[in-house]
1. Take the stretch 8-61 and flag every residue that is crowded, with 24+ Cβ neighbours inside 10 Å and of a type in the set (Phe, Trp, Tyr).
2. Do any residues in the stretch 354-366 that are outside any helix (DSSP H, G or I) have Cβ atoms under 9 Å from those of residues that are crowded, with 20+ Cβ neighbours inside 10 Å and β-branched (Val, Ile, Thr), where the two are at least six apart or on different chains, and which pairs are they?
3. I'm trying to understand the selection: among the residues of the stretch 302-336, which are acidic (Asp, Glu) and over 17 Å from GLY169 (Cβ atoms)?
4. Identify the residue in the stretch 367-378 that is part of a helix (DSSP H, G or I) and touching a residue at least 24 places away in the same chain (Cβ under 8 Å) and, among all such residues, is most open to solvent (accessible area, probe 1.4 Å).
5. State the number of residues belonging to the stretch 326-351 that are touching a Phe, Trp or Tyr at 6+ places or on another chain (Cβ under 9 Å) and under 21 Å from GLU155 (Cα atoms).
6. Return the total of residues in the stretch 213-231 being touching a strand residue (DSSP E or B) at 6+ places or on another chain (Cβ under 8 Å) and in contact (Cβ under 8 Å) with a residue 24 or more places away in the chain.
7. What's the total number of residues in the stretch 126-169 that are out of contact with any strand residue (DSSP E or B) (no Cβ under 8 Å at 6 or more places or on another chain) and of a type outside the set (A, V, I, L, M)?
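The values are calculated or read from the model by the stated rules, or taken from the named source; none is laboratory data. The model shown is predicted, which means the values in this text are computed figures rather than measured ones. Ideal geometry is used to build each Cβ from the backbone, glycine not excepted, and the neighbour counts take in all protein chains shown. All accessible areas refer to the heavy atoms of the entire protein, side chains included, with ligands and DNA or RNA removed. Shrake-Rupley method; radii C 1.70, N 1.55, O 1.52, S 1.80 Å.
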Amino acid sequence: MSNQPSSRKPRVAVVFGGRSSEHAISVVTAGAVLRAIDRDKYDVLPIGITTDGRWALTADDPSRMAIADRALPNVAQLTESCDGTVLLPVDPASREVVYSEPGSVPKALGDVDVVFPMLHGPYGEDGTLQGLLELSGVPYVGSGVLSSAVGMDKEYMKRVFTSFGLPVGPYVVVRPREWENDPAAARAKVVDFAAAHGWPVFVKPARAGSSMGISKVDDLAGLDAAIEEARRHDPKVLVESLLRGREIECGVLEFEDGPRASVPAEIPPVTAHDFYDFEAKYIDSAEGVVPAPLTPEQTAEVQRLAVAAFDAASCEGLVRADFFLQDDGEFVINEINTMPGFTPISMYPRMWQESGVGYAELVDRLIQAALRRPTGLR
């Protein structure tokens, strides 16, 4: 529970940006959340992390945090100082955040009662930031260290789901040493995989999101370039077979009595893109269908699987679970996202809107769930 005095509002630090390739989408997401937080109920402290990892005090100006004319925003545009640094407490007995600039006396920014980490990808969504917050003793929105790491690493995510009996598609992993020491053997492993499951395959970073670095590969000729593209984002590469079917998504949200699933959504085939890639998601605004046109039985099944995936990975707060509804009528889990996008066109808030939980209430429920949870082992 938060230890804030009753005489003041809880202070929420919205942390965004970060060192991953999803920096810009994190900024856009944070802008939408900053607009939605009830300022009568909470004090808000926006903290941006630059692409080189500096924690900076930023302007509380959501209007500057949107995609404009296809241009992506970044934290550097929002910082109040090129040199100032925000410092989290390292003593669990204190939640006081300090702002420091060279040549100036450090300035206390006050206690932070909960952190809303709007970071996507490595160094934010993968358990690293969550570990820092655990050491600081500060509650935070979303999953903990283990489930954040499992949710980021698609290989181990699939291994966890398989161990719980949940359905996943065929895949093979190209590890860093394999590609660096013996690319011919690594290439042969992928060729054998394609021989067993068919071309095309999808080659993607094992630990990235927002469809960054993903390539659809139709034959051996395009494989090396696809692996190198994925390795620009992560030295570990995942290769998946093409799953033929409909793309279905479902949101999970932690309520007082446990996790519940939203109505599902469907991502229709995108005609201007080879698949639902970064450009389709964020630049060209590919529209999902909410609710998905499913039978009541299919809706119930995908909701059951979404909550089961949430529980299998020991998630907290929220998850967006992505599925393929195959031609044989069976669902396969593609992945979960422990900090899904909250941009104006993001599917997670749209699914909950259709489920009766509006955007502002969604943000409030996530903050309240974080404030209810104890820090440390739980």
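1. Selection gives PHE16 alone.
2. Close Cβ pairs (under 9 Å, with a partner that is crowded, with 20+ Cβ neighbours inside 10 Å and β-branched (Val, Ile, Thr)) amount to SER355/VAL263.
3. Scanning the stretch 302-336 gives ASP311, GLU316.
4. ARG372
5. Qualifying residue count, the stretch 326-351: 7.
6. Here the count works out to 8.
7. Residues flagged as out of contact with any strand residue (DSSP E or B) (no Cβ under 8 Å at 6 or more places or on another chain) and of a type outside the set (A, V, I, L, M) within the stretch 126-169 amount to 16.
Results for (1) free of Cβ contacts under 8 Å to residues at least 40 places away in the same chain; (2) of a type in the set (Lys, Arg), shown as yes or no for each residue.
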{"position": "ILE49", "(1), (2)": "no, no"}
{"position": "SER63", "(1), (2)": "yes, no"}
{"position": "SER81", "(1), (2)": "yes, no"}
{"position": "GLY84", "(1), (2)": "yes, no"}
{"position": "ALA93", "(1), (2)": "no, no"}
{"position": "SER104", "(1), (2)": "yes, no"}
{"position": "LYS107", "(1), (2)": "yes, yes"}
{"position": "ASP111", "(1), (2)": "no, no"}
